[in-house]
Each structure stands twice: as C-alpha cells, then as structure tokens.
C-alpha cells in the first residue's frame, strides 16, 4: 500500500513481497508478545526481584484506581446524555433544522434513505421478526425512506431461505423495498461471516434498487445490524439528524450504544455481568469520540462504502475494521460520531448453564480477535505517508494499550498481586513489605471496586420492564450480581483476550463464529 492505494489484507500471507510480509507478521506477533512479557515478567520479578515486583504492583493498583475513577465519570456522563437524547423529539429537530445548515447536499431531510442490512445464518425467526418490526415502527418519514435487506447465507440451507421469504411476506409493505440476498458460500478468498454477507447484500441493493432509480449515494445511510438489534422508534431520525449536521459526514461513521438487554431477565448472573460490562465499555467510549471506532451495529454513508469497496470479506472483525479501513483510505481524515443513543441487543444465553458459559467465552474471544486490526493498522501507518505522525502515534498507542490492558490487567489486579510474598523467598517473605503488600493491594482494589456502585445503579436503570414470571426480588440479585466482577473479568475477559492474542501471535487465525441466539 503506497500513499492512498488501499489493500484489503486479512493476514500476513495476503501481503505481497517478503519484506512487507515479514513486517506485517511482526505486527501480528507484537500484541501477544507484549501481553505475555507482562505476565511472565511479573512472575519472574516476583520470584527473583520481589521488592521491585511489589513496587510495580502497588504502582499499577494506584494507576488502576485512578483509571477506574476516570472511566466511571465518563460512564455517568454518557448515561446522562443518553437519557437526554432519548427524550428529544428528533423529527421536530429535523423540521426546525434550516436546509442551509445541512452538511449533505439534499433539499429536505426526508431525502435521506436508510439501507438496513440484517445478515443472518440460522437464528430463530422470532429474533429476526422482533428486529424487523422495530425498524418498521420507526418515526423517520415513512416507508419511502427504508430499504431492508435480509442477507441469507447459502450454507444455512433451505430453512434459512424459507424464514426470509416468510418475513418478507409479513413486512414488505412496511418498506420502500424488502430484498432477500443469498450470499454464496464458495466465493474464493472470502471468510464466511458477517463482512462477506453484508458486502454481498449491499451490492445486491445497489444493483437492484439504488442504481436503477438513480438514488445518489450521499443520500443513503447504510446501517449494518446484528440480527438481534432492536431500534427505538426515534433511532433513525436521531441518526439522520447527526448525519446532516456532522462535520464532514461523508468521512464519518455513526455509532449507537449497544445495550444487551433484550433478554437480560432470562440470562444467568455471570452472563448479565459480562453483557452489562460490554455496554458500559461502549458507553465510556462514546464520551471519548477521538478514540471511538465502530463496533457491532453501526452506520456509514453509501458514498464512503462504494468509494472504499465495502467491508473486508476475509476477516472476522469487519465491524471495527471498516473504521480503520476508512482511516487509512482517507489519509487519516475519518472519524466515528457517537450518537449517545441506545440500540437493544441480546445477552448471551444458551439452553444450559454450561453451554451459556462456553458461548460467552467464545463470543468474548471473537471480540478479542479484534486484535487482528492492530497489524493492519500499524502496517498501514508505515505505508501511508500522508497521515500525520501525531495521529499515527495516538491510534497506535491506544490500540496497543487497549488490547494489552484487556489481556493482562485482570491478572495483575486479582492474581499476580499476591505472588511476591508467596514465591519471593524466605527473606522477603518475612519483611514488612511482604507482610503489608496484600493489605495495601486489598485496600486500593476495594476503593476501585466502589466504581461498581455506579455500574449497579446504571445497569438497573437500563433494565427493560420486568416480564411476568420474574419476581420483584430479582432486582436485588441484579444489584448483587456485580460481586462476580473479579471472576467474570478474568474468566470472560482476560483469558479469552489473551487466547485471541496468542492465536494471532502463533498464526492460528480464527474463523467467524456466529453467536447462537436463544430466548426462553
């Protein structure tokens, strides 16, 4: 990749030239190497230099305490802003917005079309029906604004196609166009998954509807949703408003807050904690738009998609890759606009407790596989000379630090802090520092855990109405569940994160795993 010439690399073997391929491979090894060096280095320090290890652990705990407080402030601020935006009448705001303030060349805000992509594999029909019904209830200017595409995987068989046809019969009158796109399972160079499916779906919509009608690409917002995504009635009017008023909207993606609460009352406690933790992380990221990348369900202009040749079709983490792809393609002139507006999704549930635990782990590992974007980004930064050094340093550090923290911090907080007195030798074990280290770390971590009070309060406020069959007492357990954080952050955080980074480090590339959807 020279200058603004873009390649769609999925792994080191996709790179032409032995030197560039070796450089990309080095970047693939780097995140896992840093994580393992931190963990093993801390163990080695605890054994051979226990005083240095103790000082490092105390310093790290203090850093974590400060960081927790900082992120807790962002969480509360985002929650407050989210509530405010949910109270807004976005249609009224659009009507009051002068046409001369539009940042997109349209005569009226209702000229903006929404192309909604729902790629699906073998998910239950009720999950899809709920998602489509929510879109159909949108307040955004009626039927003429929406083109909906169900992206069926050919490899899912005849049953998936039957489901798609049934849903089309139920809902096609609610949309300007309702398309069924059948994604072939044998396209060379593709990785079966959401990226290849949604790319095929958008190309079909372009061929069958958009180009024949001559709809300008800048008038179309493409929303790529997971099949369990349920929008609120004002979601698309909120999205339209931000698209029309954003600084450089054709160089922007638009990100809602994924709130995993569709089936939260049915989920076991550990799954609820993991789901809510994911929501909170995305809420905190909304308050820091300078580092916000796209995740899961997101929106982007059709003009930008066509310009970049759509999503990558040979990777797992296409949702975040589209942002990094755009950042490189447009020489650093790209951003993600936070909507501060929720979209409801499913918590991870399976028919049994054990299967739920396995699925939560696999889902977290797939999200952790977003580390595959680091070599892509670093390699792109080396090749693209038009992006400023400051911007390269900013994004490179934030990505490396973020994945490093994911894979190592829970170990440092809850496990490795106890090592120096245990393995540091008899002389250190009898010292004052060794005697007081567990108490000091416990006090610091207890202070840091006060941030869980904010999490418990906000998670309760995000709950949907209590379904029949669930006792009022369950609210108590919804609060008490947060004592599981030390376990969930290690078992369903650090371990799958380190697993993903280790696989990338050793070249054991992951395929796309579709999270099974289950509702009782």
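Over every Cα atom in the chain, the radius of gyration and the widest Cα-Cα span, Dmax, amount to 23.8, 81 Å. Shape class of the stretch 319-369 from the alpha-carbon gyration tensor: oblate, with a/c at 1.5 or above and b/c at least as large as a/b. Shown for 302, 461: other C-beta atoms within 10 Å of each C-beta, ranked fewest to most, produce the order 461, 302. Compute the whole-percent fraction of alpha carbon pairs in the stretch 1-122 spaced more than 25 Å apart. Within the stretch 1-122, distances greater than 25 Å cover 69 percent of Cα pairs.
For the chain, the 222 nm mean residue ellipticity estimated from helices alone, with every DSSP H stretch of n ≥ 4 adding -39500 (n - 2.57) and the total spread over all residues, rounds to -17000 deg cm²/dmol.
I'd like the antiparallel share, as a percent to the nearest 5, of DSSP beta bridges with both residues in the chain. Roughly 20 percent of the beta bridges in the chain run antiparallel, per DSSP.
Each peptide in 53-61, 386-394, 17-25, 232-240 was scored by the mean count of other Cβ atoms within 10 Å over its residues; highest first, the order is 232-240, 53-61, 17-25, 386-394. Across the stretch 303-398, Cα-Cα pairs more than 20 Å apart make up 52 percent of the total. Here r is the Cβ-Cβ distance between residue 43 and residue 63 and R0 is 25 Å; the resulting FRET efficiency, rounded to 0.05, is 0.80.
The alpha carbon radius of gyration of the stretch 142-274, expressed as a multiple of 2.2 N^0.38 Å, is 1.20.
Relative to the longest principal axis of the Cα atoms of the chain, helix 373-383 runs at roughly 80 degrees. Sort the stretch 89-363 into rounded, prolate or oblate with this rule: let a ≥ b ≥ c be the square roots of the eigenvalues of the Cα gyration tensor; rounded if a/c is under 1.5, and if a/c is not under 1.5, prolate when a/b is larger than b/c, oblate otherwise. Verdict is rounded for the stretch 89-363.
The angle separating the long axis of helix 353-368 from the principal Cα axis of greatest extent in the chain is about 80 degrees. Only Cα pairs under 8 Å and 6+ residues apart enter the sum, and on that basis the relative contact order of the chain stands at 24 percent. Evaluate the distance, in nm, between pseudo-label points positioned 7 Å from the Cα of residue 519 and of residue 475 along their respective Cα→Cβ axes. With each label placed 7 Å out from Cα toward Cβ, I get 2.4 nm. Ranked by the mean number of other Cβ atoms within 10 Å of their residues, highest first, the peptides 365-378, 483-496 come out as 365-378, 483-496. Taking 0.36 nm per residue of separation and subtracting the Cα-Cα distance, full extension of the segment from residue 430 to residue 29 would add 140.4 nm. Cα axis of helix 235-245 to longest principal axis of the chain: angle in degrees, 0 to 90, nearest 10? Taking Cα atoms only, the helix is inclined about 90 degrees. Considering only beta bridges that DSSP places wholly inside the stretch 89-363, some 20 percent are antiparallel. Placing a label point 7 Å from the Cα of residue 461 along the Cα-to-Cβ direction, the residues of the stretch 472-489 with a backbone N closer than 20 Å are 475-483.
Coordinate-derived values only; no laboratory data. Computed from a predicted model, the values in this text were never measured in an experiment. Heads up, the Cβs are rebuilt from the backbone with ideal geometry, glycines too, and the neighbour counts pull from every protein chain shown.
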